[in-house]
């Protein structure tokens, strides 16, 4: 019957789910640090506020099984187990001062018997096992009296005892892996470890596990007292290269058997000198003793078992001069064994069964459990999320719930929010356990197979137990077993997505590969402010009107140099895939070796690549894919991206998804580096990234290649007519690029429920110059020929969208050309670009149709090779958009009888906006704005000598602006340039624009301005209405900080300068015109008369301020 009883509590994971315990009543969390008998008295109950008016209703719940098993198929408790209590003095139903309860509690660690030895498993997540105490109407489980059996002649007076020494003081890699070791041994150092072994019989077996770290092979010497027991040899490793990626130690273990010689067993470990060593230190992992011992109670409590006995019936004899009790603690229903006591001899008989465990104790001097805190009522196992689950640290619950509400309203996703503590309470008996989070996910998915996304809200750490300072263990991450090899040690959130029955163990070789069933992402926030800002960022990306734009067609590749052009070749292959299968994309290739480098402070520097990357990010790119060397904080030796660059980014509405195929850039579980580069990109509230598929550890180019190829195949995949969400992309990418340990090092930092800003519709070209393209076939665009493209906006299913009204951006490109890198580290490398843009303009879309007209410039390739059109459209309401391409044409020839044009373009220049006046003072980061008029249109092709559009500064800097000219709506005869000038020096500046029309008529125009290092925020058209006002008024103004987060302070003064009212407003996504600052005038607050109001506006981006003072009339 006992065996059947145990089966009621331990069931397969597929059935795991909490029964309703915490949903009502008062609960208090208590804990123990080691197994034993614990005492609950009246004083303790008073301390924690538990009602004991009916002592028989007192209950203690808790599992005490150590760590949960990783393998999904292994059995574990279903919910919480009620523990057996035994009352003393409670027979009268009253809890008096001297009355108490006792219960057995297992500690946080686990012992198993294997290969005739005790095996000790220290809990890597917690040093405390938790239990819960409550009082309810029903009676609690109590210790029962075991069946009495006759004393037999087969008397057992010994048991198999165990002792352990293990200290977790040092992580050998410093920041990776789950194993920790005792502080290191110096050369020649000896340490002695003493174990109380009273009653030990004959021999002791000592299992000792060490780590040697030396360039030469050596050995630890092991002594019992002064007798050498033997050696534990370790292999030499490479310690001289200085590489971060070298093996950090050789783990070895041995078993030593020796005779008992004292009541205290002393073992000494010595690390002797090895002649000629360069590095020589060692570490101790654990010492475990196994030995037979007399059943003599030397202290207040003794736990014992006899795993070697095979008899069916056993009589035990225990020697103790005290009044003792013996409990059978094998199962949750604890039994008190009837004793036959004569003097100091106490005997009992029991039926033997596997792994039977007993505790003998005197109820004197028993400890109390540790009181922690009350538990709020909960029942998360009653939740039934259909689509997504957010697991958050309690500190970030407000942001998690706000994000869940957003996904429900915006995406129609059914999302539940649970805290880590809630999961621990219901799935791991209140103890931090990574597997409890996985078990909870598996449980929820067993309710709904549609559950696809899990977001972890909170940073993580390789240190589960807060042994290091400034730890960030909010939502734990899976750390590998390998803790000595930097290449094969890893952290990964993939573990949470392995939900099939045969998965979970995740052994660390290719045979241990699993597949993800759900998409996992993490927001590595450390503070409530970061959580709020990150939630704001996600909501803004998904819903702001300012997100619309042709930047969604841009894909940026950044490739490192060196390594025999390995990274450039990989980038070129990936870009070719998008060119072939996603031709609507505009490919921007930033290859470090394509830009001249310079030496700064004895190091190579790629400032031009860095500037090009900044421009790509600030102007908008859908994806950034970096391939090359890197570390936790930067890309490439040339430092093309680092914390300074990331912190300065302001691409608030053009947030890309990053894939970083480089080492360790996303190491989010190392608090010692504070915040990795990937985290900085994600957590930048004013720019950076919307998400990253990034690396947490060192990776190889070979595994990066597999991940990147799978990513490219899935990025634009659709399902049921809709693009995938980030979690789907991550899941498919990981599953299709399995490559052992290295694949595990890629994690999604971002919201897996977020769908990227894909244009949801498509644009097609229907005719050229009135001729249907179906009949036309491939056409030729000739120099100086007037071209009219007509097209339509359609759904993905090719249905005409007759209700689509808005505008379309059309970019027409010449043929693909070949370029060569500069060969600054390796031989030159040839790559393909389509960068000669012959026209970019805009047209009105009416009822789903549009036409756009332009004249082909004189400077084209004339080679009759294919050109391409890339298009982007958005409707007037900014609720829908579309993308498309067309490439059934070639570039060549010259038009017959082209029009003659000898007039130069007319130019008007401004800084920041058209309110600029020549010589105005501006900030260090400005927008250069040019408005151009020309009857034939502007040449943007970049083909021909000295025909580029250029902007020259007085210091000799020259910028090519071909890509920045866009024709105005529905005309090719006027257009504009908007170009950012960043980090301008303080002082007077002159910027000169050179621009040519399609006939190569050239104009020059300068503009003068003064740069101040004080950031500027301009206010204009400040007013209020109505004015005079009666019961309230609305304040309105315009400014030059569109899209930024603004703080607005409104102060009203009377004519004597006294402050009458002071209000503060915040605008996250600021339009150009703020017109909704309403201030009511409650009766009695404002008298009739004249007032002054001051509006002070501050940008959270650079703290720039603008102030305006106007007059307010109140006539109430």
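The values are calculated or read from the model by the stated rules, or taken from the named source; none is laboratory data. Just so you know, these numbers come straight off a predicted model, no measurement behind them. Don't worry about glycine lacking a Cβ; one is built from the backbone with ideal geometry, like all the others, and counts go over all protein chains shown.
Structural remarks
- Residue match in the range 293-307 (condition: touching a helix residue (DSSP H, G or I) at 6+ places or on another chain (Cβ under 9 Å), in contact (Cβ under 8 Å) with a residue 60 or more places away in the chain, assigned by TED's automatic domain parsing to the domain that holds residue 63 and surrounded by 18 or more Cβ atoms within 10 Å (Cβ to Cβ)): no
- Members of the range 1037-1053 that are surrounded by fewer than 19 Cβ atoms within 10 Å (Cβ to Cβ), within 40 Å of the chain's Cα centre (by Cα) and at pLDDT 90 or above: 1038, 1047, 1049, 1050
- From 3, 44, residue being modelled with pLDDT under 95 and not in a strand (DSSP E or B): 3
- Residue check for residue 63: touching a helix residue (DSSP H, G or I) at 6+ places or on another chain (Cβ under 6 Å), closer than 27 Å to residue 442 by Cβ and surrounded by 20 or more Cβ atoms within 10 Å (Cβ to Cβ): no
Condition check ((1) modelled with pLDDT under 95; (2) surrounded by 19 or more Cβ atoms within 10 Å (Cβ to Cβ); (3) in the same structural domain as residue 713 (by TED's automatic domain parsing)) across all residues:
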residue: 558; (1), (2), (3): no, yes, yes
residue: 581; (1), (2), (3): no, no, yes
residue: 590; (1), (2), (3): no, yes, yes
residue: 595; (1), (2), (3): no, yes, yes
residue: 598; (1), (2), (3): yes, no, yes
residue: 621; (1), (2), (3): no, yes, yes
residue: 627; (1), (2), (3): no, yes, yes
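- Residue within the range 175-186 that is assigned to a loop (DSSP other than H, G, I, E, B) and loosely packed, with under 14 Cβ neighbours inside 10 Å present: yes
- So residue 58, is it under 21 Å from residue 140 (Cα atoms) and out of contact with any strand residue (DSSP E or B) (no Cβ under 6 Å at 6 or more places or on another chain): no
- Hey, residue 897 in a loop (DSSP other than H, G, I, E, B), at pLDDT below 95 and either in contact with a helix residue (DSSP H, G or I) (Cβ under 7 Å, 6 or more places away or on another chain) or at positive phi (or both) or not: yes
- Yes/no for residue 603 being modelled with pLDDT of 95 or more and either surrounded by fewer than 24 Cβ atoms within 10 Å (Cβ to Cβ) or over 28 Å from the mean Cα position of the chain (by Cα) (or both): no
- Looking across the range 197-207 at every residue that is farther than 10 Å from residue 267 by Cα and within 47 Å of the chain's Cα centre (by Cα), the one that is surrounded by the fewest Cβ atoms within 10 Å (Cβ to Cβ) is identified as 205.
- Only strands (runs of 3 or more DSSP E) whose full extent lies in the range 1034-1116 are considered here, and the ones with at least 3 residues that are in contact (Cβ under 8 Å) with a residue 60 or more places away in the chain and under 22 Å from residue 921 (Cα atoms) are 1089-1099, 1105-1114.
- Of the strands (runs of 3 or more DSSP E) lying entirely inside the range 943-1021, those containing at least 3 residues that are touching a residue at least 40 places away in the same chain (Cβ under 8 Å) and within 30 Å of residue 900 (Cβ to Cβ) span 950-953, 965-967, 974-981, 987-996, 1002-1011.
- Scanning the range 332-346 for residues that are surrounded by fewer than 18 Cβ atoms within 10 Å (Cβ to Cβ) and touching a residue at least 24 places away in the same chain (Cβ under 8 Å) gives 336, 338, 340, 344, 345.
- Test result for residue 819, part of a strand (DSSP E or B), surrounded by fewer than 18 Cβ atoms within 10 Å (Cβ to Cβ) and either at pLDDT 95 or above or on the phi > 0 side of the Ramachandran plot (or both): yes
- For the range 758-803, a tally of residues being in a loop (DSSP other than H, G, I, E, B), touching a strand residue (DSSP E or B) at 6+ places or on another chain (Cβ under 6 Å) and free of Cβ contacts under 8 Å to residues at least 40 places away in the same chain returns 2.
- Here residue 536 passes the criteria (1) crowded, with 21+ Cβ neighbours inside 10 Å; (2) under 20 Å from the mean Cα position of the chain (by Cα) except the one numbered (1).
- Helices (runs of 4 or more DSSP H) enclosed by the range 632-723 - at least 3 residues per element that are over 19 Å from residue 744 (Cβ atoms) and modelled with pLDDT of 95 or more: 643-648, 677-683
- When the range 408-453 is filtered for residues that are free of Cβ contacts under 8 Å to residues at least 40 places away in the same chain, closer than 11 Å to residue 391 by Cα and either assigned to a helix (DSSP H, G or I) or out of contact with any helix residue (DSSP H, G or I) (no Cβ under 8 Å at 6 or more places or on another chain) (or both), only 421 remains.
- Subset of the range 66-77 [under 20 Å from residue 104 (Cβ atoms) and assigned to a loop (DSSP other than H, G, I, E, B)]: 66, 67
- Residue-level analysis places residue 488 outside the set of residues that are modelled with pLDDT under 95, in a loop (DSSP other than H, G, I, E, B) and on the phi > 0 side of the Ramachandran plot.
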